[in-house]
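Everything on this sheet refers to the single structure shown next.
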Amino acid sequence: MQADQAKYGLSGKTIAGQNRPIRVKFAAQGTSVEVKNLSPLISNERLYDAFSRFGKIERAVVMVDERGKSLEK
């Protein structure tokens, strides 16, 4: 299953410039991806492309504040 590959392949990894590991969990339902604490260079499209290689997803959204900065919480 591609989702299992993604979960186990990414869980615990760190992103360059970040000091916290990634936590990957299966969603209770649906196939949306919500990610916070991303670089300003990451768009919804880039996020979608990054996750869709592991399987079909409905949407991917970078959560941002009113200034367009990625949310931290």
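Taking interchain pairs and intrachain pairs at least six residues apart, which have beta carbon atoms under 6 angstrom, with the first residue in the stretch 28-57 and under 13 Å from ALA3 (Cβ atoms) and at pLDDT 80 or above and the second surrounded by fewer than 14 Cβ atoms within 10 Å (Cβ to Cβ) and among the β-branched types (Val, Ile, Thr)?
No pair meets every condition.
Hey, can you tell me all the residues within the stretch 15-24 that are more than 16 Å from ILE42 (Cα to Cα) and among the polar types (S, T, N, Q)?
ASN19
The values are calculated or read from the model by the stated rules, or taken from the named source; none is laboratory data. From a predicted model like this one, the values you see are computed outputs, not experimental measurements. Quick reminder, even Gly has a Cβ in these numbers, built from the backbone with ideal geometry, and neighbours come from all protein chains shown.
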